[in-house]
Amino acid sequence: MPSTDTAAIAPPPKPGYWQRLGKPLFGTPVNAIISLACLWLFWLAAKGAWGWMVTRAVVEGTSADCRAGSGACLPFLAAKARFMIFGVYPYEEHWRPALAMALFFVAVGISMAPRFWGRWLLALWAFVVVAGMVLIAGGVFGLRPVATTLWSGLPLSFILTAVGLALGFPLGVVLALARASKLPAIRVIAIFFIEVIRGVPLISILFMASVMLPLFMPTGMTVDKLLRAQIAIIIFAAAYIAEAVRGGLQAIPRGQYEAAGSLGLHYWQAMRLIVLPPALRIVIPPLVNISIGFFQDTTLVTIIGLLDFLSTIRTAMLDPQWVGAAVLEAYLFAATVYLVFSYGMGAYSRYLERRLRTGHD
């Protein structure tokens, strides 16, 4: 019979220093070497960026001082900030697009809070849209009218993105439902539209809207250039949103459709009350990804003569007084703006996933 004397049992070996501290942080020794190398490279990059942006930065002076210095040219950003944001919009009227953007951000902030979700948000957004268009376009209430050819900079990028996605989303949902329809004619038309639009780049659709569309208009009739670009973006966004929504519809169990039928709901009631809500929750990540992509793709409208935010950045760099003095600074300013808004949309989508319990983390 084996001995039951516990004193004879040897204690487990005491974990070494690496097992207690190093392994939880770095894993294997090879991973530790890779991690330390990455940290070293990050330190070098952070040190160089700090020196360029802070210690060696040119805070005051002219373009000559920036060319003679070895750091960031902050006077360029101070001199060109308003132009880079508002573009060729009349200088003395910059308060109007600034106020319109402020109303837009306030409405977005309210809409992001779940406790404010309700039908009254539609009235709020209707007011924001009307007030924003009145402020930017003018022509009423004593405001000076401003042609759409002067709409530029960051407000133009927001207009193209917000309107394109707001009108492209319902069209995309309808296209997704049409592609999943049992009626062959409707399904074929939807498939043809979606595949053709997704099969060509956005730049080609913008070219067609800007160059080819006027050829089909009656003599003497024209369509505003901004409106043509906006329609092209709406159509392009709808095709991509349709595919994302179709993926969500396919993820819904067949039992949901059968349950809706057993309740006596007709097709549109079943879609609105039973099928679409969970399907749209599933496709939050791809929809946000599409939104971020379209916000960045508004830079393509420069090929048809519209000055978006990145175009005003490039135009500011072409000022003879500042040519060659602040190239990196201008692009870093643009990258920072795009990063802030893109990261904000991504962070909010992760919040929605956690709240609606659609994620896996």
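Of everything listed in (1) within 30 Å of residue 334 (Cβ to Cβ); (2) over 18 Å from the mean Cα position of the chain (by Cα), the single unmet condition for residue 202 is (2). Is there any pair linking a residue in segment 223-243 that is among the hydroxyl-bearing types (Ser, Thr, Tyr) to one that is part of a helix (DSSP H, G or I), with Cβ under 6 Å and at least six apart or on different chains, and which? Qualifying pairs under 6 Å: 240/290.
Let's see how each residue does on (1) over 24 Å from the mean Cα position of the chain (by Cα); (2) exposed (fewer than 15 other Cβ atoms within 10 Å of the Cβ); (3) touching a residue at least 60 places away in the same chain (Cβ under 8 Å); (4) under 25 Å from residue 306 (Cα atoms):
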{"residue": "66", "(1), (2), (3), (4)": "yes, no, yes, no"}
{"residue": "102", "(1), (2), (3), (4)": "no, yes, no, yes"}
{"residue": "117", "(1), (2), (3), (4)": "no, yes, no, no"}
{"residue": "141", "(1), (2), (3), (4)": "yes, yes, no, no"}
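Residue check: is residue 158 surrounded by 17 or more Cβ atoms within 10 Å (Cβ to Cβ), touching a residue at least 12 places away in the same chain (Cβ under 8 Å), under 14 Å from residue 287 (Cα atoms) and within 17 Å of the chain's Cα centre (by Cα)? Here the answer is no, as residue 158 does not meet what is asked.
Filtered by the rule that a residue be among the β-branched types (Val, Ile, Thr), in contact (Cβ under 8 Å) with a residue 60 or more places away in the chain and in a helix (DSSP H, G or I), segment 310-361 gives 312, 313, 315, 337.
With the requirement that a residue be surrounded by 12 or more Cβ atoms within 10 Å (Cβ to Cβ) and of a type in the set (A, V, I, L, M), what does segment 201-226 give you? Matches in segment 201-226: 202, 203, 205, 206, 208, 209, 213, 223, 226. Selection over segment 207-265 of residues that are part of a helix (DSSP H, G or I) and more than 25 Å from residue 290 (Cα to Cα) gives a count of 15. Scanning segment 276-309 for residues that are buried (at least 20 other Cβ atoms within 10 Å of the Cβ), part of a helix (DSSP H, G or I) and without any contact (Cβ under 8 Å) to a residue 40 or more places away in the chain yields one hit, 279.
Among the residues of segment 341-361, is any of a type in the set (D, E, K, R), modelled with pLDDT of 85 or more and buried (at least 19 other Cβ atoms within 10 Å of the Cβ)?
Taking segment 341-361 first, the residues of a type in the set (D, E, K, R) are 350, 353-355, 357, 361.
So of that shortlist, the ones also modelled with pLDDT of 85 or more come out as 350.
When the remaining residues are screened for being buried (at least 19 other Cβ atoms within 10 Å of the Cβ), the result is none.
Scanning segment 341-361, I find no residue that is of a type in the set (D, E, K, R), modelled with pLDDT of 85 or more and buried (at least 19 other Cβ atoms within 10 Å of the Cβ), so the answer is no.
The values are calculated or read from the model by the stated rules, or taken from the named source; none is laboratory data. What you are looking at is a predicted structure, and each value in this text was computed from that prediction instead of being measured. Note that we place each Cβ from the backbone using ideal geometry, even for glycine, and neighbour counts take in every protein chain shown.
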